[in-house]
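Taken together, the values in this text are just the output of simple stated rules run on the coordinates, not laboratory data. Every value quoted in this text rests on a predicted model; they were computed, and no experiment measured them. Positions of Cβ are backbone-derived with ideal geometry, glycine not excepted, and every protein chain shown enters the neighbour counts.
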Amino acid sequence: MEKLRKRWSPREIGKRLQEESPGDTALRIAPAASYRYIYVLPRGSRKTTLIQALRQARAYRRKRKPGHHEESRGTIAERLSIEERPRAVADRTMPGHWEGDLILGKQKRTVLGTVVDRTTRDTRLVPLNATDATSVRTAYAKALRSLPRAITKTRTYEQGKERSGHKPFTRDTGLAGYVAHPGSPGERGTNENTTGLSRQSVPNGTEFDQVSAREIKRVPRELHDRPRACSTGRNLLRSLITSWR
């Protein structure tokens, strides 16, 4: 209950229980068991409270439907396809390979950028004043230039005209950019998952120009405290940043 109130997922709760009590097999709970418990509860305030704590906050569980969604925001000239990305990126053995996306605010009037490392899940939220190619490129370059070169190697992002400034971005930062296939969010699965987690703190309808810089910085700190499957990688990232400084 304590962790659900902090918006932890059932999987994260189970992982933390195992870490805190490794020798006590009675303190184990599978994510599926948590979901079953929540969704079989009779209607009432407790069920409503628990469902609202889940990332999707749906009144019932639903199955994923296969399908393909065409990209409607235009294509990027002279782009490098994800198929050309080095195979080593997929291994997640070393940090430095990032995925990016945009979170749209109320009526798409404001926007917030996200960027997350595939290996460590280190997350940065990028304030944006606009979604034109120059604004997006400048804001992301500023966010990533603050990191050591050893952990800024590639970036994978979605289709969209706001990414058309990829060539000057690579020149400014040294990061090679690769574009995922249209309608294939799974190719940026780390970022999709992180965006979903971030949405718990900045839900749909948020006006990002009304959110303080302090509040924006708080969201990644909360994500880093959660027991995602990357604690070893995150420690490696911290040691690299420390040695660089």
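A few points about this structure:
- Label positions at residue 83 and residue 142, each projected 7 Å from the Cα along the C-beta direction, are separated by 3.7 nm.
- Fully extended contour minus Cα-Cα distance, from residue 222 to residue 35, at 0.36 nm per residue: 65.1 nm
- Among the listed pairs 15/108; 3/161; 15/47; 106/142, those with a Cα-Cα distance over 29 Å are 15/108; 3/161.
- Separation of alpha-carbon centers, segment 176-221 and segment 125-158, rounded to whole Å: 13 Å
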